[in-house]
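Down below is the structure, laid out as structure tokens.
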Amino acid sequence: MSLPRLAVLISGTGRNLRALCEATQSGELPAQIVLVISSRASAPGLQYAREYGIAHQVIEPKTYVSREDYDDALSAALDAARPNLIALAGFMRILTEGFVRRYQGRLFNIHPSLLPKYPGLGTHAMALKGGDTCHGASVHYVTPELDGGPVILQGSVAIQPDDTPDSLSKRVMEQIELNLYIPVLSWAATGRLHLTDEHIVMLDGEPLRAPLQLLCSHQ
Ligand code: GRF
């Protein structure tokens with residue numbers, strides 16, 4: 001039986017993409033990455049698609065006159081690859097409502113904050129400025145509200161007194177982010193995870209009342 005088909009959308013360094021490539025190769029993530037799309041031709045993360053022999057396409061916004069046109073091009077590329085699951089992995093674009101609705105229930109995002117705290121950019125600096133004691137990352141289903149879809153799994157690290165946005169970002173990436181997508185996508189790939197039309201996350205047939213927590217090292 002063929003494995004569920006996963007598409008990954010990136011814009012940058014691709015550390016999450018690399019972790020997904022490794023996990024599909026080792027079998028930890030029972031899926032096959034059928035397409036990588038980058039919104040930037042110069043995204044370093046494209047190297048992992050090449051390294052792992054995965055089909056990849058660059059779809060750059062500057063070629064399109066409107067957000068709708070851009071998202072139509074994304075949809076055309078995705079639909080040709082017939083993905084069961086789509087992972088936004090550092091994809092630096094706000095998607096149109098039409099796009100999100102089209103793929104809702106199979107579209108996931110990873111975000112570097114303990115959502116609902118700090119949607120958008122600059123999350124590490126905001127956590128420091130806010131005097132938070134912990135900071136982390138979340139994987140959520142994508143709904144039309146930016147970084148606002150139901151969170152499935154998140155994890156946190158303690159903020160240290162001498163942390164800078166860079167040191168915090170590195171720790172969140174290495175200790176949390178790179179461990180979040182693989183379990184979530186594995187549950188989805190094996191049919192254990194669903195999103196209902198009412199935006200309720202179902203895991204193993206039970207509604208998820210609160211996000212699952214990977215780790216909270218400060219507790
Ligand atoms: C990650 O922090 C991700 O959460 C955010 O953008 C960053 C992408 O990093 N949305 P990478 O491209 O996976 O290295």
>> Criterion first (assigned to a loop (DSSP other than H, G, I, E, B) and out of contact with any Ser or Thr (no Cβ under 6 Å at 6 or more places or on another chain)) does GLY98 satisfy it?
In response: no
>> Considering only residues that are surrounded by 20 or more Cβ atoms within 10 Å (Cβ to Cβ), away from the ligand (no atom under 15 Å from the Cβ) and either aliphatic (A, V, I, L, M) or not in a helix (DSSP H, G or I) (or both), which ones fall in the range 8-28?
In response: none
>> Being in contact with a Pro (Cβ under 7 Å, 6 or more places away or on another chain) and in a strand (DSSP E or B) is the requirement here; does LEU153 meet it?
In response: yes
>> Could you check the range 29-45 and list, in sequence order, the residues that are crowded, with 21+ Cβ neighbours inside 10 Å, farther than 17 Å from ALA81 by Cα and within 11 Å of the ligand (Cβ to nearest atom)?
In response: ALA43, GLY45
> Going by the structure shown, is LEU121 within 30 Å of SER75 (Cβ to Cβ), aliphatic (A, V, I, L, M) and in contact with a Ser or Thr (Cβ under 9 Å, 6 or more places away or on another chain)?
Replying inline: no
>> Need the failing condition index for MET1 against (1) at pLDDT below 95; (2) touching a strand residue (DSSP E or B) at 6+ places or on another chain (Cβ under 7 Å), just the number.
In response: (2)
> Does at least one position in the range 47-70 carry a residue that is modelled with pLDDT of 95 or more, within 16 Å of the ligand (Cβ to nearest atom), over 20 Å from LEU95 (Cβ atoms) and out of contact with any strand residue (DSSP E or B) (no Cβ under 9 Å at 6 or more places or on another chain)?
Replying inline: yes
> Can you name the residue in the range 173-201 that is of a type in the set (Asp, Glu) and surrounded by fewer than 17 Cβ atoms within 10 Å (Cβ to Cβ) and, of all such residues, is farthest from HIS135 (Cα to Cα)?
Replying inline: ASP197
> Going through the range 150-173 one residue at a time, which ones are out of contact with any Gly (no Cβ under 9 Å at 6 or more places or on another chain), under 24 Å from PRO30 (Cα atoms) and away from the ligand (no atom under 11 Å from the Cβ)?
Replying inline: PRO150, VAL151, ILE152, LEU153
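The values are calculated or read from the model by the stated rules, or taken from the named source; none is laboratory data. Given the structure is predicted, the values throughout are model-derived calculations rather than measurements. Here Cβ is always computed from backbone atoms with ideal geometry, including for glycine, and neighbour counts include all displayed protein chains.
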